[in-house]
Amino acid sequence: NYQERSHQEVRDKLYSLGLHRDEVEASISELIEQNLLNEERFALAYARGKFRIKHWGKVKIIQGLKRHRISQYLIQKAMSEIDPSSYFETAYQLAEKKWKNLGEKGNAKIRQMKLRNYLLQKGFESSIIAELMTDLLSRE
């Protein structure tokens, strides 16, 4: 009860403990009735946490929610919880920090490629990355 969990996480854990399908579904139903298990709460907490703490982009957060088998409706609702201005600001801060860490030595194209790959790995959209790259390059 100390952490939000998806239905799939609970289902996987119960199956790993050796419970059968009927027992698993009954247990999940009971947890839902007691409001201990709520996918909407999980999706919102997951999206907020991964963005605020791990600085993940929307692409990576959506992939994580899909791995937990969260519905498209709840994924969209969770994504709407992320403030667009703080999203862009976070992406910019990550890009700026990485750009400085790459140093000024070496090939500029390789630095740009490394920065782009880093931001893609963090889950940011290509359009935002292009905007950030343009801004960072204009400041140099």
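Observations on the model:
- Filter result (in a loop (DSSP other than H, G, I, E, B) and touching a Phe, Trp or Tyr at 6+ places or on another chain (Cβ under 7 Å)) within segment 32-73: Gly57
- Search result, residues across segment 87-140 that are in a loop (DSSP other than H, G, I, E, B) and touching a Leu at 6+ places or on another chain (Cβ under 7 Å): Leu102, Lys122
Listed here are the residues, each with its yes/no results for (1) touching a helix residue (DSSP H, G or I) at 6+ places or on another chain (Cβ under 9 Å); (2) of a type outside the set (A, V, I, L, M, F, W, C); (3) at pLDDT 95 or above.
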site: Ile32; (1), (2), (3): yes, no, no
site: Phe51; (1), (2), (3): yes, no, yes
site: Trp56; (1), (2), (3): yes, no, yes
site: Ile82; (1), (2), (3): yes, no, no
site: Tyr92; (1), (2), (3): yes, yes, no
site: Lys98; (1), (2), (3): yes, yes, no
site: Asn101; (1), (2), (3): no, yes, no
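- Taken over segment 100-119, the criterion of being in contact (Cβ under 8 Å) with a residue 12 or more places away in the chain and within 26 Å of Ile62 (Cα to Cα) is satisfied by Gln112, Lys114, Leu115, Arg116, Tyr118, Leu119.
- Within segment 40-53, residues that are open to solvent by less than 30 Å² (accessible area, probe 1.4 Å) sit with their Cβ atoms under 7 Å from residues that are of a type in the set (S, T, N, Q) and not in a helix (DSSP H, G or I), at 6+ positions apart or across chains, in these pairs: Phe42/Ser6.
The values are calculated or read from the model by the stated rules, or taken from the named source; none is laboratory data. The structure displayed is predicted, hence computed values, not measured ones. Glycine also receives a Cβ, built like all others from the backbone with ideal geometry; neighbour counts cover every protein chain displayed. For accessibility, only protein heavy atoms count, side chains too; no ligands or nucleic acids. Shrake-Rupley method; radii C 1.70, N 1.55, O 1.52, S 1.80 Å.
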